[in-house]
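Let me begin by presenting the structure, written as structure tokens, before commenting on it.
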Amino acid sequence: MAPAPVSASQSVLVPTYARAPVAFERGEGPWVIATDGTRYLDFGAGIAVNALGHAHPHLVETLTRQAGKIWHTSNLYGAPDGERLARRLCEATFAERVFFTNSGAEANECAIKMARKYHAAKGHPERFRIITFEGAFHGRTLATIAAGGQQKYIDGFGPKVEGFDHVPFDDEKALRAAITPETAALMIEPVQGEGGLRVVPARFLKLLRELCDEHGLILIFDEIQTGVGRTGAFFAHERSGVTPDIMSIAKGIGGGFPMGACLATEEAASGMTLGTHGTTFGGNPLAMAVGNAVLDVVLAPGFIETVGQVALRLKQSLAELKDRHPEIIAEIRGEGLMLGLKLNTPNTDFIDEARAQGLLVVGAGDNVVRLLPPLIIGEAEVVEAVSRLDKAASAIEAGLKRPAAE
């Protein structure tokens, strides 16, 4: 049997995570098996990362084959698999240029730099400020915590990186007032993940596009969590008919392997010339092989359509669950297989109880529990997950009704 998880008091890891008292040794599709042999239905998917579940045969075979050939060469040399993956992403999206990274935060750093460099290259270096929206989460680097604007992530890390202006979510008047001659770009997640599964209305995304066109701004969509089929479209913005100039992606595109990318139009990327940006590991052969394998599956005919059908069934089932447990569940949020339960009781309690029922879910802001299952789930997994959520809600209800100890 594999070693049990190390307690927080014994661990020598930096204590920045409140780790649950469970560790996993293997996975099978939408299931993970803990070191003690307990099976859990995974509706967290590594925080929307394991888009094709665990140990997907095509991904395993692809990564194993590539690992036996070459792992790393650096970006000093040609990258045939990277060229292929970039071209496939361009063919399937608005993009004409791609820069590969190791993570979503790095993809957002690239997007921020690209937007600023665009204006500087046009002779307007004063246009460097980026407007973002309350509740946003764009990463944990110094620049991306400043972009997100959440004070709990900024406190203690010195002066906040300059150049980010925050406006309320879905507030047209505040947005218009925030645009100045120094504004370079607007940056938004089409669905806020960390911010509580809040869906940005299509009319507001359209307004952003109109304002960018009117003022010569760059429109950046952060689709790190929403992309690669997660919302029932290849990328969430497609549902609104609005096209960005730059888009950051990560999580699902690697199917569990760490990778990300910054996608852009030719015009938006025009300032990123030789030597202006770089990465040691971004675009490495292992990541490129896996990224291509993910697209083999996700872009196959009917795959994303099936995701949408399963997602609708899950959302309908969650609505019925809410009706059965109005004391616990206040609202169902989200799109596709990026759904949330807004709770009347602490989301941490619900997460713990769901895990006790053999279901893994993820917390979010605004007292929300995120449901982010692998895109490969079907009817059986929907039924099983809702049954376990039902038991978790019932257990919490029973606790609320139990008389307090004297």
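The values are calculated or read from the model by the stated rules, or taken from the named source; none is laboratory data. Small disclaimer: the values here were computed from a predicted structure and weren't measured. As a convention, Cβ positions derive from the backbone with ideal geometry for all residues, glycine included, and neighbour counts pool all protein chains shown. To get the accessible areas, we keep the full protein, side chains included, count just its heavy atoms, and leave off ligands, DNA and RNA. Shrake-Rupley method; radii C 1.70, N 1.55, O 1.52, S 1.80 Å.
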Fill in the blank from the handout: Partner aspartates and glutamates whose C-alpha sits under 14 Å from that of Lys322, ignoring same-chain residues fewer than 8 away, are Glu331, Asp390, Glu397
Completion exercise
Mean Cβ-within-10 Å packing, highest first, puts peptides 60-70, 132-142, 229-239 in the order 229-239, 132-142, 60-70
Problem - Karplus-derived HN-Hα couplings along the range 138-145 (A = 6.51, B = -1.76, C = 1.60, θ = phi - 60°), whole Hz, x at Gly and Pro - result: 10, x, 10, 6, 4, 6, 6, 6
Exercise for the section: Leaving ligands, DNA and RNA out of it, rank Trp31, Trp71 by accessible area with a 1.4 Å probe, largest first. Expected result: Trp71, Trp31
Exercise for the section: Could you look at the chain and say what percent of its accessible area is carbon and sulfur, using a 1.4 Å probe and all protein chains? Expected result: 55 percent
Handout entry: Sparse-neighbour loop sites [trypsin sites (Lys or Arg not before Pro); the range 323-406; at most 10 other C-beta within 10 Å; DSSP]
Key = none
Exercise for the section: Mind checking which lysines have their Cα closer than 27 Å to the Cα of Lys69? Skip sequence neighbours fewer than 8 apart in that chain. Expected result: Lys251
Handout entry: Accessible-area value, Met259, 1.4 Å probe, nucleic acids and ligands omitted, Å²
Key = 10 Å²
Handout entry: For Val191, distant residues with modelled amide H under 5 Å away
Key = Val200
Practice task
Identify the GluC sites (Glu not before Pro) of the range 152-223 meeting these criteria: DSSP loop state and at most 10 other C-beta atoms within 10 Å of the C-beta.
Solution key: Glu162
Practice task
Compute the acute angle (0 to 90°) between the alpha-carbon long axis of helix 80-92 and the principal axis of greatest extent of the alpha-carbon atoms of the chain; round to the nearest 10°.
Solution key: 80 degrees
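Considering only protein heavy atoms, what per residue accessible area in square angstrom results for the chain with a 1.4 angstrom probe?
The answer is 45 Å² per residue.
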Practice task
Take the alpha-carbon centre of the range 139-158, take the same for the range 20-38, and report the distance between them in whole Å.
Solution key: 32 Å
Practice task
Provide the packing ranking of 215-222, 292-299, i.e. peptides ordered by the mean count of other C-beta atoms within 10 Å per residue, highest first.
Solution key: 215-222, 292-299
Handout entry: Positive-end residue of Pro258, Phe303, Gln316, charge dipole of the range 239-319 with Cβ unit charges
Key = Gln316
Completion exercise
Restricting to lysines and to Cα separations under 18 Å from Lys315, and discarding same-chain partners fewer than 8 apart, the set is Lys342, Lys391
Problem - Pairs of alpha carbons in the chain whose separation is greater than 31 Å (percent) - result: 40 percent
